[in-house]
Amino acid sequence: TTLSASQLQVIADPLLTQDIIVSPAVVSAGQNITVRMHITNSGASEAQGVVPAALSKLGNGNYTYVSGPVPVSQTVAAGANTYFTWIYQSSGAGSLAVNGYATGYSQYSKATVTAVAEDSNFITIQSPASLSSSISVPATKNIGQWFTVTMTVTNNGTATADAVAPPSNLTVVG
C-alpha cells in the first residue's frame, strides 16, 4: 500500500468594484450623454457573466434611453478591469447623475458576487439656446437720409448661443 498526500488549493472569489462616469459635464437638452461603468476585479479568480444592473437616475435632470450597455455581459479576469457603456439623450434641464452596480459569479465556486452600488458624478443639463429677435428703425426719415437699423437678440435658454450674427442682407418691404 502506498500513501500519498493530497493537496487542495483554495482560490478566493472575485471582488468587484466599479466607478461610474457621466459625460460631458455640461450638455443642452436634446444632446447625447455617455455613461461608462468601469469594473475592476481585485479578487483571485475570474468573475464570469458580469452584467451591470439597471441604472437609477439621480437629480432633477432627465434623460431617455438610446443604447447599452455595451457589451451586455463579459468575463473579468482576476486583477483585470473592463467597461460597460450606455448612451442616453438628455431630455430635461437640471442636474443628473446615476447609481449602479454590477453582478457576476465566481469561476470556481459559482457564488454570486456583487459590487457595492456607487453614484456617478453629476452633470448639468441646460435648456437649449432659444433665440428671439426684434428689429427697430426710426419712425420717419427723409428720402436719401441714412438711418440705423437695430436688431436686439435675446437668448431665453440657459445654454450659450455661439456664433450669433445678424443676417447678411436685410430686405426692405413697404
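Assess whether Gly157 counts as being assigned to a loop (DSSP other than H, G, I, E, B), in contact (Cβ under 8 Å) with a residue 60 or more places away in the chain and open to solvent by less than 80 Å² (accessible area, probe 1.4 Å). Answer is yes for this residue.
Identify all residues within region 10-26 that are open to solvent by 20 Å² or more (accessible area, probe 1.4 Å) and either touching a residue at least 12 places away in the same chain (Cβ under 8 Å) or in contact with a strand residue (DSSP E or B) (Cβ under 8 Å, 6 or more places away or on another chain) (or both); write none if there are none. Explain how you work it out, then say what you get.
So the first thing to find is which residues in region 10-26 are open to solvent by 20 Å² or more (accessible area, probe 1.4 Å), and the list is 10-13, 15, 17, 19, 21, 23-26.
Ile11, Ala12, Asp13, Leu15, Thr17, Asp19, Ile21, Ser23, Pro24, Ala25, Val26, listed by residue number.
With respect to the conditions (1) modelled with pLDDT of 95 or more; (2) closer than 26 Å to Ala129 by Cβ, Ala93 falls short on a single one, namely (1). Considered as a group, the residues in region 100-128 that are touching a strand residue (DSSP E or B) at 6+ places or on another chain (Cβ under 7 Å), assigned to a loop (DSSP other than H, G, I, E, B) and aromatic (Phe, Trp, Tyr) include one that is surrounded by the most Cβ atoms within 10 Å (Cβ to Cβ), and that residue is Tyr101. Just one of the listed residues (Gly30, Gly49) is in a loop (DSSP other than H, G, I, E, B) and either open to solvent by 40 Å² or more (accessible area, probe 1.4 Å) or touching a residue at least 40 places away in the same chain (Cβ under 8 Å) (or both), and it is Gly30.
On the given criteria, is Val172 exposed (fewer than 11 other Cβ atoms within 10 Å of the Cβ), aliphatic (A, V, I, L, M) and modelled with pLDDT of 95 or more?
On the way: exposed (fewer than 11 other Cβ atoms within 10 Å of the Cβ): yes; aliphatic (A, V, I, L, M): yes; modelled with pLDDT of 95 or more: no.
No.
Looking only at region 13-62, which residues are among the polar types (S, T, N, Q) and over 26 Å from Ser109 (Cα atoms)? Step through it out loud before you land on a result.
Taking region 13-62 first, the residues among the polar types (S, T, N, Q) are 17-18, 23, 28, 31-32, 34, 40-42, 45, 48, 56, 60, 62.
Within region 13-62, Ser23, Ser28, Gln31, Asn32, Thr34, Ser56, Asn60, Asn62 qualify.
Could you list all residues from region 76-99 that are more than 19 Å from Ser23 (Cβ to Cβ) and crowded, with 16+ Cβ neighbours inside 10 Å?
As a first pass, look at region 76-99 and keep what is more than 19 Å from Ser23 (Cβ to Cβ): 76-80.
Selection gives Val76, Ala78.
Does Ala115 satisfy the condition of being at pLDDT 85 or above and farther than 26 Å from Thr40 by Cβ? In short, no. Restricting Ala54, Ala78 to residues that are part of a loop (DSSP other than H, G, I, E, B) and over 26 Å from Gln126 (Cα atoms) narrows the list to Ala78.
The values are calculated or read from the model by the stated rules, or taken from the named source; none is laboratory data. Note that the coordinates shown come from a computational prediction; the quantities given were computed from them, not determined experimentally. Methodologically, a virtual Cβ is constructed for each residue, glycine included, from the backbone with ideal geometry; neighbour enumeration extends over all protein chains shown. Note: areas computed on protein heavy atoms with side chains; ligands, DNA, RNA excluded. Shrake-Rupley method; radii C 1.70, N 1.55, O 1.52, S 1.80 Å.
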